[in-house]
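Here is the structure we will look at.
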Amino acid sequence: MLKVEELVDRLIDLSFAEDIGDGDHTTLCCIPEDAMGKSKLLIKEDGILAGVEIAKEVFHRFDPTMQVEVFMGDGSKVKKGDVAMIVTGKVRSLLQTERLMLNIMQRMSGIATMTSKYVERLEGTHTRVLDTRKTTPGMRMLEKQAVKIGGGCNHRIGLFDMILLKDNHVDFSGGIANAINRCHEYLKEKGLDLKIEIEVRNFEELKQAMDCGGIDRIMLDNFSVEDTKKAVEIVGGKYETESSGGITFDTLRDYAECGVDFISVGALTHSVKGLDMSFKAV
C-alpha cells in the first residue's frame, strides 16, 4: 500500500503534468531564463491557513533552488491583508508553481476554516466532528489533513483501514447479524485487526446490532434529534455512537447535546468554498 508521502508526490506530479504539459509557453516566451524575483502569498479573506507544508513541497519538487520564507504556518488564524510567506527564486519557477500551490492552499484552507467553525459550535460537548470519504479524487490525504488542521477528526481514510458495514452491505448480506458475523470470519481468516462500525436505520436494526455485539461503533443514520437521544440512551455507552445523514450546521449542536460521540459531516470536504488568497510579485 502506498504511503501518504508517495500519494502526495504522485498528486503533485500529475498536477504539474496536466497544467504545464509540454511547457508554459506564456512564461517561456516573455521571461528570461536567468530572471530572478520574489512573490508573496497574500491572504484576502479571514480564516484558518492550511497547506503551507504541502506548498513548500510543491516549490521544492519543481525547483530545489526556490527559497520559502514562512511567516504563518498551518493552523494559523489569518485575516485579510496578511502575508503568509514570501518565495524567492527564478521568475519562471514562481510563475509555473503559482496555480498548483494556490489550488492546494485555497482548498485546504477552506476546509480547515469550515471545520474550525463546526468544532467551535460543538464547544462544551464531548462530541467530535468527523470527515467522510466524500473527497476530491486524488486529494483525499490533503483534504483530511486540512480537517485535522481545522481541529476536526478523521474518520477512516479509505476502504482499507476500518470496517464500516453500511446499509447496502447489510441488505446484500441478508441482515445485521449476517453482516457482522461474516465480518468477524473475514478478519480472523485474514489476520486483520480493524475496528468495526455498523450503520443502523431504525430502532429494530439498533436492537439487532446490540443483540449481535462484536462491534466498536454504531452509526445512527438519518435519525431525528429526538430518536438520536433515545438511541444514545439505549446504547448506554456500551459502544461508541456516531450521527450521520442530513445534519446541518444549524442542527449540529442539537445532535451533540443528545450525547453522541461523533458527528460525521460530508460538507467539510464535498462542497466547501476555497479561502481567497493570491500569489503576487513583490
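Here are some notes:
- Set E197, E204: member being in contact (Cβ under 8 Å) with a residue 40 or more places away in the chain and of a type outside the set (A, V, I, L, M): E197
- Within the range 176-201, the set of residues being outside any helix (DSSP H, G or I) and surrounded by fewer than 14 Cβ atoms within 10 Å (Cβ to Cβ) comprises G191, L192, D193, K195.
- Check on T228, among the hydroxyl-bearing types (S, T, Y), out of contact with any Lys or Arg (no Cβ under 9 Å at 6 or more places or on another chain), part of a helix (DSSP H, G or I) and closer than 13 Å to L122 by Cα: no
Residue by residue, here is whether (1) under 15 Å from F279 (Cα atoms); (2) free of Cβ contacts under 8 Å to residues at least 60 places away in the same chain; (3) crowded, with 19+ Cβ neighbours inside 10 Å holds:
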site	(1), (2), (3)
G47	no, no, yes
K56	yes, yes, no
F59	yes, yes, yes
T65	no, yes, no
V68	yes, yes, no
D74	no, no, yes
K79	no, yes, no
I86	yes, no, no
G89	yes, yes, yes
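- Options T132, T136; residue that is β-branched (V, I, T), open to solvent by 40 Å² or more (accessible area, probe 1.4 Å) and in a loop (DSSP other than H, G, I, E, B): T136
- Residue count, the range 231-261 (criterion: assigned to a loop (DSSP other than H, G, I, E, B) and hydroxyl-bearing (S, T, Y)): 2
- Neighbours by Cβ (under 9 Å, 6+ apart or cross-chain): first from the range 139-154, at positive phi; second open to solvent by 40 Å² or more (accessible area, probe 1.4 Å): G151/V119; G151/E120
- Residue in the range 221-241 that is under 19 Å from the mean Cα position of the chain (by Cα), over 30 Å from I31 (Cα atoms) and buried (at least 16 other Cβ atoms within 10 Å of the Cβ) present: no
- Residues of the range 2-39 satisfying the condition of being over 23 Å from the mean Cα position of the chain (by Cα), within 20 Å of R61 (Cβ to Cβ) and not in a helix (DSSP H, G or I): G21, D22, G23, D24, E33, M36, G37, K38, S39
- K144 vs. criteria open to solvent by 70 Å² or more (accessible area, probe 1.4 Å), in a helix (DSSP H, G or I), among the charged types (D, E, K, R) and under 30 Å from E120 (Cα atoms): no
The values are calculated or read from the model by the stated rules, or taken from the named source; none is laboratory data. The shown structure was predicted, so the numbers you read here are calculated from the model rather than taken from an experiment. For neighbour counting, all protein chains shown are included, and Cβ atoms are generated from backbone atoms with ideal geometry for every residue, glycine included. Note: accessible area is taken over every heavy atom of the protein model, side chains too, but ligands, DNA and RNA are not part of it. Shrake-Rupley method; radii C 1.70, N 1.55, O 1.52, S 1.80 Å.
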